[in-house]
Amino acid sequence: MTVKTRFAPSPTGFLHIGGARTALFSWLYARRHGGRFVLRVEDTDRERSTEEAVNAILEGMAWLGLDYDEGPFYQTESFDRYREVLDKLLEEGHAYRCYCSRERLDALREEQQARKEKPRYDGRCRNLTEPPQGAGDPVIRFRSPQEGQTLIDDRVRGRVSFDNAELDDLIIARADGSPTYNFTVVVDDMDMGITHVIRGDDHLNNAPRQANILKALGVTPPVYAHIPMILDENGKKLSKRTGAASVMDYRDQGFLPEAVVNYLVRLGWSHGDQEIFSLDEMVSLFDIDEINASASSLNPSKLLWLNQHYLKTSDPAHVARHLAWHLGTLGVDPDDGPALEALVDAQAERSKTLVEMARNSLFFYCEPEGYDEKAARKNFKGEASTVLARVREALAGLDDWDASAIHGVVEGVAEELELKMGKVAQPIRVAVSGGPVSPPIDQTLALLGKATTLRRLDAAVSHIEKSGEFISDAP
Ligand code: GLU
């Protein structure tokens, strides 16, 4: 049997963290078993579905690297097929037309609630042979088994038993003929040959209904795996602020997709106490049986830790592509500066996110807007202009502009002036970057290039001299 899984989002919002994890688990399971992964857009709720949400879902999947073998399919394109299956169920007696009015159903529910019973349809139209006089357009109900139990052998929850008496004759098509959610899912899972349904456990109660419809259609239901919800870092339900945010927000905040994927896989799945998984490792190790049956909680500091790990260990060319995007968002043309891979090499150690890396790299692209006040006060004291002027002179004579030659020059000046290396390097750093933090000074200058370095040293020298004049002019 070829494994076939699907991700079936309703396009009513962005791809948020819970949806992304469902997609990832389904994708991993298919990849692990050499199977196929389907993307199905469940857009039959026309009022709530938007094209913007469809695009956001596709964008989120692409960014995470979750490729699909089939689809995207859109349920709104399958109405003829749903109609065909409805007719078959009606013909075979597995479904029936129900003419009960809204008023009758409301009154029925109120009576049942007054008797403290669970509201359910009482089956009045189950055995009608013809429409009652003056009846309006009927809905179509599925003839659910009324006795016994429906068992779902859920791969995460174990065996879950549902009393059939509690499962209504659910509506599978509305009075306007449109099919309902539980029905379209069933038809698609059947037609697409889905073998494993991995989804959020908010759908667990739908599983017996869907399994019963599939059985009526003569099809063996898929294996179900309902995964527990994700809680926020305080163990509370996710709110918009804490986690229902779009996956693309993680990109905007400077996370690498592999860090987010690694973070997602650990929300509810574990393999021993391993935390870091490459994609290949995930594919070879992932199994539904290791999904935790209890809810998992967000852990933002773990995501940062993972991101830093991937910034440091991924192929710099890969990180560079993502950094280029972030530099672009800051209004910088990444071609107007140092080689990006070398920049990533220099910055990876000291960046938790790509946003941080991009911001801390701005001085490679634009002249610093003035000097950090505290750093200037500390490093631009009177004699610093002599030091910087001497460094400038020595560097001007350097033909091979690379880190080790630069290092030799700076060290030579420090020795000559009998200063510690830091006393020379830090004023240079403030002069060229505007602040007190940058990669090692030799690497920084190598990346900046000779002309820019000399220009910024000149500017710092004249800045120090001017502020010195200002100070001596003061009464
Ligand atoms: N469209 C449903 C949702 O977004 C998922 C249905 C399913 O996975 O069976 O919640």
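The values are calculated or read from the model by the stated rules, or taken from the named source; none is laboratory data. Bear in mind the structure is a predicted one, so any value in this text is a computation, not a measurement. In this analysis, Cβ positions are derived from the backbone assuming ideal geometry, glycine residues included, and neighbour counts consider all displayed protein chains.
Annotations
- Given (1) surrounded by 15 or more Cβ atoms within 10 Å (Cβ to Cβ); (2) assigned to a loop (DSSP other than H, G, I, E, B), index of the condition residue 210 fails: (2)
- The listed residue being at pLDDT below 95, touching an Asp or Glu at 6+ places or on another chain (Cβ under 7 Å) and of a type outside the set (A, V, I, L, M, F, W, C), out of 120, 102: 120
- Residues located in the stretch 172-189, provided they are of a type in the set (S, T, N, Q) and either part of a helix (DSSP H, G or I) or away from the ligand (no atom under 13 Å from the Cβ) (or both): 178, 182, 184
- Hits in the stretch 353-366 - residues which are charged (D, E, K, R) and either closer than 14 Å to residue 331 by Cα or crowded, with 21+ Cβ neighbours inside 10 Å (or both): 359
- Residue list for the stretch 260-274, restricted to those being without any contact (Cβ under 8 Å) to a residue 40 or more places away in the chain and within 18 Å of the chain's Cα centre (by Cα): 266
- Flag if residue 251 is in a helix (DSSP H, G or I), more than 16 Å from the ligand (Cβ to nearest atom), basic (Lys, Arg) and in contact (Cβ under 8 Å) with a residue 40 or more places away in the chain: yes
- From 22, 76, residue being of a type in the set (S, T, N, Q), modelled with pLDDT of 95 or more and under 19 Å from the mean Cα position of the chain (by Cα): 22
- The residues listed here are 269, 305; of these, the one that is surrounded by fewer than 17 Cβ atoms within 10 Å (Cβ to Cβ) and among the hydrophobic types (A, V, I, L, M, F, W, C) is 305.
- Pair list, Cβ under 8 Å, 6 or more apart: the stretch 290-307 residue more than 20 Å from residue 272 (Cβ to Cβ), other residue among the polar types (S, T, N, Q): 298/242; 304/353; 307/353
- Residue match in the stretch 58-73 (condition: free of Cβ contacts under 8 Å to residues at least 24 places away in the same chain and closer than 30 Å to residue 175 by Cα): no
- Restricting attention to the stretch 22-50 and to residues that are away from the ligand (no atom under 13 Å from the Cβ) and in a loop (DSSP other than H, G, I, E, B), the residue that is surrounded by the fewest Cβ atoms within 10 Å (Cβ to Cβ) turns out to be 47.
- Any hit, the stretch 10-21, residues being assigned to a loop (DSSP other than H, G, I, E, B), in contact (Cβ under 8 Å) with a residue 60 or more places away in the chain, within 14 Å of the ligand (Cβ to nearest atom) and among the aromatic types (Phe, Trp, Tyr): yes
- Residue in the stretch 222-242 that is more than 13 Å from the ligand (Cβ to nearest atom) and among the acidic types (Asp, Glu) present: yes
- Where helices (runs of 4 or more DSSP H) fall entirely within the stretch 386-475, those with at least 2 residues that are surrounded by fewer than 14 Cβ atoms within 10 Å (Cβ to Cβ) are at 403-416, 450-473.
- Yes/no for residue 214 being within 16 Å of the ligand (Cβ to nearest atom) and over 24 Å from residue 37 (Cα atoms): no
- Verdict on residue 95 being surrounded by 18 or more Cβ atoms within 10 Å (Cβ to Cβ) and more than 16 Å from the ligand (Cβ to nearest atom): yes
- Of the residues making up the stretch 128-150, at least one is closer than 25 Å to residue 205 by Cβ, free of Cβ contacts under 8 Å to residues at least 24 places away in the same chain, in a strand (DSSP E or B) and out of contact with any Pro (no Cβ under 8 Å at 6 or more places or on another chain).
- Wholly within the stretch 276-364, helices (runs of 4 or more DSSP H) carrying at least 2 residues that are within 24 Å of residue 156 (Cβ to Cβ) and over 20 Å from the mean Cα position of the chain (by Cα): 279-285
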